[in-house]
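A quick write-up on the structure given underneath.
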Amino acid sequence: MIMLNTILPLLQAESAAPAKGMGGGSSMLIFLLLMILIFYFFMIRPQQRRQKKLEEARNSLQKGDKVVTIGGIHGKIVDVKDRTFTIEIAHDVRIDVDKAAISFNEADLNNKKSEAPKEEKTEENA
């Protein structure tokens, strides 16, 4: 009898509990959209920027530029085509490589931007 008196209020509280949780679906949808936005701004968008910068760097390569392939082959570009480069790796030894096979690290990409001729400012002391 004592057990029944303690269990009965618990059962009544459990049956009333789901009525308080209504509207939880909309908060879950907002949370899901928030997670998608976080992934986009912190993962997808920066990767797209890096890919675009890498593509621009590969397209800006010209004859005479020294490059390194992703396989570690060092050479000089002697011919540029739509999708490939012809690289001279030794005297009269040339190979064709895909443009995507040219390796860049972050420092190389930043140096490409800063290689543009800079005007030096000189200050004259009076």
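Every read-out reported here was derived from the displayed coordinates using simple, explicitly stated rules and does not represent laboratory data. Remember, predicted model here, so these are calculated numbers, not experimental data. As a convention, Cβ positions derive from the backbone with ideal geometry for all residues, glycine included, and neighbour counts pool all protein chains shown.
Taking only C-alpha pairs under 8 Å that are 6+ residues apart, what is the relative contact order of the range 31-114 in percent? Display every interim value, and only then the final one.
Values: 84 pairs, mean separation 17.8, N = 84.
Across the range 31-114, relative contact order equals 21 percent.
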(request) Please give the contour-minus-distance gain from Met28 to Ile70: 0.36 nm per residue of separation, less the Cα-Cα distance, rounded to one decimal in nm. (result) 10.7 nm
(request) Would you kindly compute the Cα radius of gyration of the range 31-114 and its largest Cα-Cα separation (Dmax), both in Å? (result) 16.8, 61
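Can you compute the FRET efficiency between Thr86 and Lys52 using 1/(1 + (r/R0)^6), with r the Cβ-Cβ distance and R0 = 30 Å? Round to the nearest 0.05. Walk me through the intermediate numbers first.
Values: r = 25 Å, r/R0 = 0.85.
Computed FRET efficiency for Thr86 and Lys52: 0.75.
Would you mind ranking Lys76, Lys81 by Cβ crowding within 10 Å, fewest neighbours first?
Values: Lys76 15, Lys81 9.
Ranking Lys76, Lys81 by Cβ neighbours within 10 Å, fewest first, gives Lys81, Lys76.
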